[in-house]
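See below for the structure under consideration.
The values are calculated or read from the model by the stated rules, or taken from the named source; none is laboratory data. Treat the numbers as computed from the prediction; the structure is a model and nothing was measured. Positions of Cβ are backbone-derived with ideal geometry, glycine not excepted, and every protein chain shown enters the neighbour counts.
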Amino acid sequence: MADWNDNRTRPGFGTSDSFTGASVPRTREVFDAGLRQYMLSIYNYMTSAVLLTGIVALVTASSGFAVTLFEQPVLRVIVMLSPLAIVFAMSFGANRMQKSTLQALFWAFAVLMGLSLSTIFLVYTGSSIAATFFATAGAFAGLSLFGYSTKKDLSAFGTFLIMGVFGLIIAMLLNMWLQSPGLMWAISFLGVLIFAGLTAYDTQRLKASYSQLRGTELAGKMVILGALQLYLDFINMFMFLLRFMGNSRS
């Protein structure tokens with residue numbers, strides 16, 4: 001996917017059009033209003049997708065289909081890997097796709113994630129899942145607000161966190177073989193911290209992208225891709241936190 005978020009050449013207010021030389025009035029009020037609408041659109045998409053995922057997961061678990069997913073390894077793997085395939089398709093194919101195609105893939109992703117996450121209702125109690133969800137929602141709101149309002153550049157911090165994600169993946173794959181409870185708790189703890197940090201970093205990155213993308217077709221696409229990124233931050237933080245707050249049914 002093209003890097004639409006590099007704001008090193010971000011234009012300032014009241015600059016001149018590099019093609020015509022004409023003055024381009026850009027009042028701070030107009031810019032800030034557009035930025036708020038841009039970020040609100042991202043949050044609306046992200047929140048709607050999280051709610052859709054939750055509804056699908058709850059309905060799937062209540063209907064008994066989650067048991068079928070749990071007992072059929074092949075079907076479970078397909079349901080678990082399908083969202084990942086959609087993420088790669090959206091990330092690397094966004095330039096070639098229409099906005100409507102990205103929207104369809106985004107909602108399909110939310111539904112498939114709901115199917116995949118439905119099995120948590122077989123492992124944890126509903127009350128502990130709800131408590132973890134609201135704890136995650138509160139933490140996400142605070143971290144995203146920090147990322148939006150801070151004047152500190154989080155770019156270097158974000159690079160470190162992204163490297164941490166790859167480290168987590170390697171550790172999780174390793175623990176599938178080792179089956180170490182201690183390593184599992186360490187992975188969960190680090191996972192919460194890493195995706196908490198990424199929430200603030202991604203919010204700042206999306207905010208910075210507006211100055212380059214506003215008024216272009218890419219802005220509408222980035223709203224969807226930005227919502228996908230924040231969704232992934234939220235869901236991953238929720239799943240890692242559930243390891244600590246979830247009460248087992250057994």
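Observations on the structure shown:
- Residue 128 being at pLDDT below 95 and within 19 Å of residue 53 (Cβ to Cβ): no
- Filter result for residue 226 (over 23 Å from residue 131 (Cα atoms), crowded, with 22+ Cβ neighbours inside 10 Å, out of contact with any Phe, Trp or Tyr (no Cβ under 7 Å at 6 or more places or on another chain) and among the small types (Gly, Ala, Ser)): yes
- Of all residues in the range 162-198, those satisfying the criterion of being touching a Phe, Trp or Tyr at 6+ places or on another chain (Cβ under 6 Å) and either buried (at least 19 other Cβ atoms within 10 Å of the Cβ) or under 25 Å from residue 227 (Cβ atoms) (or both) are 191, 192.
- Complete set of residues in the range 94-118 that are surrounded by fewer than 21 Cβ atoms within 10 Å (Cβ to Cβ) and free of Cβ contacts under 8 Å to residues at least 40 places away in the same chain: 96, 98, 100, 101, 104, 105, 108
- Single residue of the range 120-136 satisfying the filter (in contact (Cβ under 8 Å) with a residue 24 or more places away in the chain and aromatic (Phe, Trp, Tyr)) that is nearest to residue 243 (Cα to Cα): 124
Every residue, every condition in (1) more than 25 Å from residue 110 (Cα to Cα); (2) not small (Gly, Ala, Ser), yes or no:
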position: 163; (1), (2): yes, yes
position: 169; (1), (2): no, yes
position: 215; (1), (2): yes, no
position: 223; (1), (2): no, yes
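- Which numbered condition residue 81 misses (of (1) within 21 Å of residue 236 (Cβ to Cβ); (2) modelled with pLDDT of 95 or more): (2)
- Contact map, the range 68-82: first residue aliphatic (A, V, I, L, M), second residue not in a helix (DSSP H, G or I), Cβ cut-off under 8 Å, separation 6 or more or different chains; pairs are 69/118; 69/119.
- Those residues of the range 53-80 which are under 16 Å from residue 113 (Cβ atoms), surrounded by fewer than 17 Cβ atoms within 10 Å (Cβ to Cβ) and of a type in the set (A, V, I, L, M), in sequence order: 55, 59, 75, 77, 78, 80
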